[in-house]
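Worksheet: one structure, shown below.
The values are calculated or read from the model by the stated rules, or taken from the named source; none is laboratory data. Worth saying up front: this structure is predicted, and the values here are computed from it rather than measured. Counting neighbours? That spans all protein chains shown, and the Cβs are built from the backbone with ideal geometry, glycine included. Quick note on the areas: whole protein, heavy atoms, side chains included, nothing else; ligands and nucleic acids left out. Shrake-Rupley method; radii C 1.70, N 1.55, O 1.52, S 1.80 Å.
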Amino acid sequence: MTSAIEIRALRKRFGSHTVLDGVDLRVERGEIFALLGPNGAGKTTLVNILTTLVRPDSGSAAVAGHDTGADPVAVTRRISLTGQSAAVDEILTARENLAMFGRLSGLTRREAGGRATELLESFDLTEAHDRRVGTFSGGMRRRLDLALSFVVQPEICFLDEPTTGLDTRSRRELWAIISSLADAGTTVFLTTQYLEEADQLADRIAVLHDGRIAALGTADELKQRVGGGSVELRGADGSLLRETPTDGSVASLRRALDDIERTGLEGDVALVRPTLDDVFLALTEKELA
């Protein structure tokens with residue numbers, strides 16, 4: 001079985017600015033794959049190439065076994081795309097949006113109505129089914145936008161920063177929905193600026209920096225690249241009194257605790273592990289150096 005996405009030596013320039021500079025990547029079927037990077041890193045450009053909206057200057061990209069350049073129609077039949085802004089009609093109700101999209105996708109009137117009912121329930125929008133979308137909160141709009149992508153079940157779902165602008169509660173609700181989509185067998189390709197989002201959702205993570213894949217692996221594998229963390233001693237007011245690096249082994253932890261005990265200081269001891277923030281900072285600082 002072929003991978004869901006295969007990218008080889010992909011390059012793209014806009015004028016004199018190189019956005020993608022030889023990207024190689026493979027995404028397996030059924031996984032949630034997160035692409036991390038700051039604004040301007042090329043995340044949206046890569047998604048646009050994979051969804052046939054933009055052609056690369058060189059290299060190749062295959063999605064669901066089909067080349068994005070040679071057979072774009074076959075690609076678009078197998079994918080869905082949810083961009084950074086909701087693509088819903090604010091005048092229509094949630095049910096009307098879903099039913100309309102179903103009809104545009106080739107479903108009969110009955111099939112479109114039935115599918116709308118299923119999706120309203122799956123995306124926790126049943127109680128708001130007859131409300132105009134213009135009255136929805138940001139989180140409700142994003143759930144509806146995502147539901148539209150599943151009127152016809154895609155093999156691969158592209159989510160380009162889907163939780164941008166949402167509050168913490170709405171973001172976590174959307175995370176649960178994304179996880180359920182992957183559990184049902186859909187491959188999810190997710191771009192995000194939120195490192196916690198990638199940590200919570202993704203089976204594997206790639207960091208895109210200066211147009212290249214700077215790191216690739218599971219969250220734990222990436223965190224191991226910056227060491228085992230440290231043992232901290234903090235005072236009652238939260239101030240840092242002592243910090244001792246550790247590689248995460250029992251022997252290293254014991255040495256760190258002995259080091260703190262020798263100081264004679266009193267406070268709360270905690271093991272602090274690396275985060276994806278640490279990974280990203282380490283990678284970008286290395287590139288700058």
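For segment 13-25, the condition of being among the basic types (Lys, Arg), more than 18 Å from the chain's Cα centre (by Cα) and part of a strand (DSSP E or B) holds for at least one residue.
Taking the criterion of being open to solvent by 40 Å² or more (accessible area, probe 1.4 Å) and of a type in the set (A, V, I, L, M, F, W, C), the only residue of segment 20-53 that qualifies is 53.
Let's see how each residue does on (1) touching a residue at least 40 places away in the same chain (Cβ under 8 Å); (2) touching a helix residue (DSSP H, G or I) at 6+ places or on another chain (Cβ under 9 Å); (3) farther than 10 Å from residue 33 by Cα:
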{"site": "181", "(1), (2), (3)": "no, yes, yes"}
{"site": "184", "(1), (2), (3)": "no, no, yes"}
{"site": "191", "(1), (2), (3)": "yes, yes, no"}
{"site": "198", "(1), (2), (3)": "yes, yes, no"}
{"site": "202", "(1), (2), (3)": "yes, yes, no"}
{"site": "205", "(1), (2), (3)": "yes, yes, no"}
{"site": "209", "(1), (2), (3)": "yes, yes, yes"}
{"site": "215", "(1), (2), (3)": "yes, yes, yes"}
{"site": "219", "(1), (2), (3)": "yes, yes, yes"}
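Residues that are open to solvent by 20 Å² or more (accessible area, probe 1.4 Å) and at pLDDT 85 or above were ranked within segment 143-174; the one that is farthest from residue 62 (Cα to Cα) is 172. For beta carbons closer than 7 Å, sequence separation of 6+ or different chains, a first residue in segment 133-155 that is within 12 Å of residue 115 (Cβ to Cβ) and in contact (Cβ under 8 Å) with a residue 40 or more places away in the chain and a second that is open to solvent by 40 Å² or more (accessible area, probe 1.4 Å) and part of a helix (DSSP H, G or I), the qualifying pairs are 148/101; 151/101; 151/115.
Going through segment 72-88 one residue at a time, which ones are open to solvent by less than 60 Å² (accessible area, probe 1.4 Å) and not polar (S, T, N, Q)?
Looking only at segment 72-88, we keep the residues that are open to solvent by less than 60 Å² (accessible area, probe 1.4 Å), and these are 72, 74-75, 79-80, 82-83, 86, 88.
Residues satisfying the conditions are 72, 74, 75, 79, 83, 86, 88.
Against the numbered list (1) part of a helix (DSSP H, G or I); (2) closer than 22 Å to residue 204 by Cβ; (3) touching a residue at least 24 places away in the same chain (Cβ under 8 Å); (4) out of contact with any Phe, Trp or Tyr (no Cβ under 6 Å at 6 or more places or on another chain), residue 48 comes up short only at (3).
So that you can scan it fast, the table gives a plain yes or no per residue for (1) among the polar types (S, T, N, Q); (2) part of a strand (DSSP E or B); (3) under 30 Å from residue 197 (Cβ atoms):
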residue: 232; (1), (2), (3): no, yes, yes
residue: 237; (1), (2), (3): no, no, no
residue: 243; (1), (2), (3): no, yes, yes
residue: 252; (1), (2), (3): yes, no, no
residue: 255; (1), (2), (3): no, no, no
residue: 258; (1), (2), (3): no, no, no
residue: 266; (1), (2), (3): no, no, no
residue: 270; (1), (2), (3): no, yes, yes
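Would it be correct to say that residue 212 is open to solvent by 80 Å² or more (accessible area, probe 1.4 Å), within 29 Å of residue 161 (Cα to Cα) and either over 25 Å from the mean Cα position of the chain (by Cα) or modelled with pLDDT of 85 or more (or both)?
yes
Within segment 59-77, residues that are under 22 Å from residue 19 (Cα atoms) and of a type in the set (Ser, Thr, Tyr) have Cβ atoms under 6 Å from residues that are part of a helix (DSSP H, G or I) and open to solvent by less than 50 Å² (accessible area, probe 1.4 Å) in these pairs: 68/75, counting only partners at least 6 apart in sequence or on another chain.
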